Amino acid sequence: MDFDFILTTDRTMMTNHHGKEFLGFMTTSPAVGLPERLWMWLCAPKMKTDKAGRVWQAPYGLRKIEAALIDAGFKAAVVDPSELKKYSKSVKAILIGHHDFFAFCAPSSTWWVITGKEPVNRKYFMKLMESPAIREAKKRGAKLIVGGPAAWQWLHMTEYWTKWGVDTVVDGEAEKVIVDLAQRIIEGRTLPKYVYVGPQEAPSIEEIPIIKHASVNGLVEIMRGCPRGCKFCSVTLRPLRYIPLDVIEKEISVNVREGVRYGLLHSEDVLIYGANGVHPRPKPLFKLHEITLKYYRAIAWSHSSLSAIVCAEREHKLVSKLTEYIFSKTGQKFLGLQTGIETGSPRLAKEIMSAKAAPYKVEEWPDIVEEAFAIMHDNMIIPAATLILNVPNETTDDIIKTAELLERLKPYRSLIVPMYFVPLGVLKDQSLQIRIKPEHVDIMWLCLEHAFRWVPVISKMYLEGPFYFPLRVLIDAFLWWVRRQAEALKPKLKAYIEKLAEESRKWEPSSALVQEAEIGSATKP
């Protein structure tokens, strides 16, 4: 079977993590304490494929681009990276998407700093780009297009752009522009090196295609954009669009038809689906879950803001009612999600995320965080929460305030991950420089101690059943090993961080590429 356009990504992305989405966090770290092959089996097993190399489940973003191309009449398919050689002599273009091409995002950059080793996601992406299949395809004239949430990283890594012969980088929602690029390739016309899709060029609801085949772990999108306006986030630059319930149902049906019976509702803030501003509304949320649970046997939420959790519970007891409904329908015992604490400092919160606490005052942020964690703990919601270190204008007092908040969060079942600031959103033009501070070690250590307390509890719940028993044993053994090493590691880590503080590397974005970007309007990134 021939395809003009092959979509793919590396092994750390082209996997369903044994059906456990949060095991994907392990792909952002180097293999520590285990052989790399075993580490990769734990977190990124090879996806099942058909004879043509097409994968059973694929990252949702690749599925959307595949659907856009198919709807436009092009022959396109998502193929496992190990199967690229089947198409290297005939394909007209290879399209590669990724969440973190060069491991600059969270938490990859944090683990890289702590361990001094390349995370496996970076290593496997590099292997993909250096693979004989891609080299052969490029040699015979195939085009190479890259994009996805981490497209911005290519502006900081132009040497690889040139080395690998990347023809076009697409930064932003690509469903519309990819059709134009594909037509240019078919007609032999010149491609732009960098395409930026601004808010004015983002596809409308009607222009967003419905996926044709199953997405990883049944993920379906329920909303695009976010109204909170955090300066460090690119999602907030996009217009807010609620995906209609009939479209959501069609995509869930695609997953179930192809054998995926569990799912992940994806949004930057699931609880404000159909909201009145940032005030959650019971009716659209219950309707959403009624439709979802007609099909899926178990679900999770991708993200929810802590302020939405507090608001939903204060105003409607909505978190309690929704979780009770979900658990009664599915029999599952908990619900997982990601969320952002980012800082415990009201001063810094006001500067970089003034609407994060809305509808409450940003000065109340630490109290909102703790109240949300208590609500989640009581309702069997397990959050994986992030903190941001090295934010521009961060002070020692800000770090201390974050440490104080972490002390308050000790009683609540959760995973808290520190990450280093990367230049996104309004702060996109900042240089990418990891400025390591010795005080950051204290934050990392508090997060590690929190993990020692709660990861054994969470892994027992998350990896329940005989199929996942070997995974649980390996994770528990790894955590035991880390704990044994911890006290000896702490002074070494502090010395290592202080050394890195003197050697911090700086990556500057390519302003020349930004200036020559092809854009649907005059909007510049």
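See the values below:
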| quantity | calculated |
| --- | --- |
| Qualifying residue in segment 407-423 (condition: part of a helix (DSSP H, G or I), at pLDDT 85 or above and either surrounded by 20 or more Cβ atoms within 10 Å (Cβ to Cβ) or of a type outside the set (Ser, Thr, Tyr) (or both)) | yes |
| Exclusive hit being within 15 Å of the chain's Cα centre (by Cα) and touching a residue at least 24 places away in the same chain (Cβ under 8 Å), set ALA58, ALA76, ALA72 | ALA58 |
| Counted residues, segment 110-128 - those being crowded, with 19+ Cβ neighbours inside 10 Å and either touching a strand residue (DSSP E or B) at 6+ places or on another chain (Cβ under 8 Å) or over 21 Å from GLY148 (Cα atoms) (or both) | 6 |
| Answer from VAL426, VAL441, VAL369, VAL455 - the residue that is part of a helix (DSSP H, G or I), within 29 Å of SER328 (Cα to Cα), at pLDDT below 95 and out of contact with any Cys (no Cβ under 6 Å at 6 or more places or on another chain) | VAL455 |
| Enumeration of residues in segment 201-235 that are outside any strand (DSSP E or B) and among the aliphatic types (A, V, I, L, M) | ALA202, ILE205, ILE208, ILE210, ILE211, ALA214, VAL216, ILE222, VAL235 |
| Within segment 171-192, tally of residues that are basic (Lys, Arg), modelled with pLDDT of 95 or more and either assigned to a helix (DSSP H, G or I) or in contact with a helix residue (DSSP H, G or I) (Cβ under 7 Å, 6 or more places away or on another chain) (or both) | 1 |
| LEU240 being within 23 Å of the chain's Cα centre (by Cα), under 17 Å from LYS356 (Cα atoms), surrounded by fewer than 17 Cβ atoms within 10 Å (Cβ to Cβ) and of a type in the set (A, V, I, L, M) | yes |
| Residue, nearest to the chain's Cα centre (by Cα), within segment 130-150, restricted to residues that are in a helix (DSSP H, G or I) and touching a residue at least 40 places away in the same chain (Cβ under 8 Å) | ILE134 |
| Neighbours by Cβ (under 9 Å, 6+ apart or cross-chain): first from segment 80-97, under 10 Å from ALA133 (Cα atoms); second hydroxyl-bearing (Ser, Thr, Tyr) and crowded, with 24+ Cβ neighbours inside 10 Å | PRO81/THR8; PRO81/THR9; GLU83/THR8; LEU84/THR8 |
| Only listed residue being surrounded by fewer than 20 Cβ atoms within 10 Å (Cβ to Cβ), at pLDDT 95 or above and either farther than 20 Å from SER88 by Cα or in contact with a Lys or Arg (Cβ under 6 Å, 6 or more places away or on another chain) (or both), chosen from LYS51, LYS46, LYS20 | LYS46 |
| Count of residues meeting criterion [part of a helix (DSSP H, G or I) and in contact (Cβ under 8 Å) with a residue 40 or more places away in the chain] in segment 258-283 | 3 |
| Flag for THR402 being in contact with an Asp or Glu (Cβ under 7 Å, 6 or more places away or on another chain), of a type outside the set (Phe, Trp, Tyr) and at pLDDT 90 or above | no |
| Flag for ALA358 being buried (at least 16 other Cβ atoms within 10 Å of the Cβ), under 20 Å from CYS447 (Cβ atoms) and in contact (Cβ under 8 Å) with a residue 24 or more places away in the chain | no |
| Among residues of segment 460-471, those that are in contact with a Leu (Cβ under 8 Å, 6 or more places away or on another chain) and at pLDDT 75 or above, counted | 2 |
| Hits in segment 58-74 (condition: farther than 17 Å from GLY148 by Cβ, touching a Lys or Arg at 6+ places or on another chain (Cβ under 9 Å) and not hydrophobic (A, V, I, L, M, F, W, C)) | ASP71 |
| Members of segment 315-370 found to be closer than 19 Å to GLY277 by Cα and of a type in the set (A, V, I, L, M), listed by number | LEU318, VAL319, MET353, ALA355, ALA357, ALA358, VAL362, ILE368 |
| Residues within segment 184-206 that are closer than 21 Å to GLU221 by Cβ, of a type in the set (D, E, K, R) and surrounded by 13 or more Cβ atoms within 10 Å (Cβ to Cβ), tallied | 1 |
| Looking only at segment 429-438, and only at residues there that are assigned to a loop (DSSP other than H, G, I, E, B) and touching a strand residue (DSSP E or B) at 6+ places or on another chain (Cβ under 7 Å), the one that is modelled with the highest pLDDT | ILE434 |
| Scope segment 373-390; condition over 12 Å from HIS440 (Cα atoms), crowded, with 18+ Cβ neighbours inside 10 Å and either within 22 Å of the chain's Cα centre (by Cα) or among the acidic types (Asp, Glu) (or both); matching residues | PHE373, MET376, ILE381, ILE382, PRO383, ALA384, ALA385, THR386 |
| Enumeration of residues in segment 129-149 that are modelled with pLDDT under 95 and either crowded, with 23+ Cβ neighbours inside 10 Å or touching a helix residue (DSSP H, G or I) at 6+ places or on another chain (Cβ under 6 Å) (or both) | GLY148 |
| Identity of the residue in segment 277-305, among the hydrophobic types (A, V, I, L, M, F, W, C) and under 12 Å from ILE252 (Cα atoms), that ends up surrounded by the fewest Cβ atoms within 10 Å (Cβ to Cβ) | ILE291 |
| Flag for LYS46 being of a type in the set (Lys, Arg), over 16 Å from the mean Cα position of the chain (by Cα) and not in a helix (DSSP H, G or I) | yes |
| Segment 16-50, subset without any contact (Cβ under 8 Å) to a residue 12 or more places away in the chain and not hydrophobic (A, V, I, L, M, F, W, C), residue nearest to PHE467 (Cα to Cα) | LYS48 |
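The values are calculated or read from the model by the stated rules, or taken from the named source; none is laboratory data. Bear in mind the structure is a predicted one, so any value in this text is a computation, not a measurement. In this analysis, Cβ positions are derived from the backbone assuming ideal geometry, glycine residues included, and neighbour counts consider all displayed protein chains.
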